[in-house]
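Working notes for the structure below.
The values are calculated or read from the model by the stated rules, or taken from the named source; none is laboratory data. Computed from a predicted structure; not experimentally measured. As a convention, Cβ positions derive from the backbone with ideal geometry for all residues, glycine included, and neighbour counts pool all protein chains shown.
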Amino acid sequence: MDAFANRNHVDYLIYLVDFLARWQERPACLTPMAYKWCSIFSEVTEGLGQGGIWIRFLRQEDYLFHIDMEFTHVEPGPDLVHPDDSSHARGRPLGLNHIQCADLLLRTLEVGFRLADISDRQPHLDLNHTSHHDQIFEAVFSCDDDEAIADAVGAWIVGNSRPASSCVRYFAMRMARATPLSPRLRHAGIHALESNWSTISIPDALYLLNCLHVDVDDVVGYDRSWSWLLVRVIRSPTGFESLSSHYWRLLGKLMSRTIGFADPVPRDVEVMKSLEEVEDWEKLEAWMLIVWGSLVLGSVPESMEDIGRVTLKLTSQWPSALQKLENICNIFRDSDEMAALQPILNWARTEQPLLEPPPPP
């Protein structure tokens, strides 16, 4: 706080932040410290007026960013920057020029999050989020630098103190541009979705999924969470209609490694019948792995006859489903719930040679 209020200390602060940003092996303790600095920065600028600080980033030909920073006032207030110095008019800008202010913000986020592990696979830190950070996220997400945006996503993930909807709103700001996400920003977004898979709303999940185009290599070690998320989306009316074929295929890949994780619900049979009706065998293959895998966790449903009928129809129309369903039987061979599946697969296996196309001449 003192460094911002004393113009003589500004240069030293800039040098310090620049040094920390260049420190390749900086300790993890710098992450909460840098986050606190961002909070102090926004708190001080808020003292200049209720409008706070507005940072606008525009691409220029000769350098990456041009920063136009404006301080706005709704009502005059006390001079929080120089409370004891009557020579300064109230609301007068700090001893920082426009470029220095924006650079301090971006470099401080870089110090805290550029090298940090921002995945959900690490314990969350108590970053003491305040409303002052909201304007920081708004400003950075509207900038033209995906690396800086990824730093801000890192702050959002590691703190784990804001609703998922806010991150989706920020990503919408970035997706307004036609340019694709950088690899690091894309992976940061994937980790953001991972960290909220159980609570994120279905519309928000669909939006992020469409932005990120997640594939199986992106979720190694997190198969169960992603399977749960996709099942949640598919079980919802809007998700079932809107989820792209890409994510149905992803679910099928994940289910080859994650079986028996979701309790059965009546909606599962509704989805099954809908896919049967439109003869979407590829999606139905992925979904029948969910249906049969869930039976080991719950009682056999009243619609067991329909499940058996659709399973036999699927294996006749989509032969690859037979091997995947047989894998489930092998995994849960001692399960009473699998007793109904084995005869169906035995029958389908006897019919399989008749279904396979003849070899080329």
N327: passes all of (1) farther than 19 Å from T258 by Cβ; (2) assigned to a helix (DSSP H, G or I) but (1)
Note on segment 123-167: residues at pLDDT 70 or above, under 16 Å from G189 (Cα atoms) and either among the hydroxyl-bearing types (S, T, Y) or more than 19 Å from the chain's Cα centre (by Cα) (or both) are S142, S166
The residue from L243, L230, L206 that alone is of a type in the set (A, V, I, L, M, F, W, C) and over 15 Å from the mean Cα position of the chain (by Cα) is L243
Within segment 220-232, the residues that are at pLDDT 90 or above and more than 16 Å from V291 (Cβ to Cβ) are W226, L229
Flagged pairs (Cβ under 9 angstrom, 6 or more apart or on separate chains; first in segment 322-344, closer than 17 Å to K253 by Cβ; second buried (at least 18 other Cβ atoms within 10 Å of the Cβ) and among the aromatic types (F, W, Y)) are L325/W292; I328/W292
- Go through the residues of segment 302-320 one by one and say whether even a single one is under 31 Å from the mean Cα position of the chain (by Cα) and either in contact (Cβ under 8 Å) with a residue 24 or more places away in the chain or closer than 25 Å to D215 by Cβ (or both). no
Here the qualifying pairs (Cβ atoms under 8 Å; residues six or more apart or on different chains; first in segment 271-282 and in contact (Cβ under 8 Å) with a residue 24 or more places away in the chain; second part of a helix (DSSP H, G or I) and among the polar types (S, T, N, Q)) come out as E279/Q317; W281/Q317; E282/S245
The number of residues in segment 101-122 that are modelled with pLDDT under 65 and hydrophobic (A, V, I, L, M, F, W, C) is 1
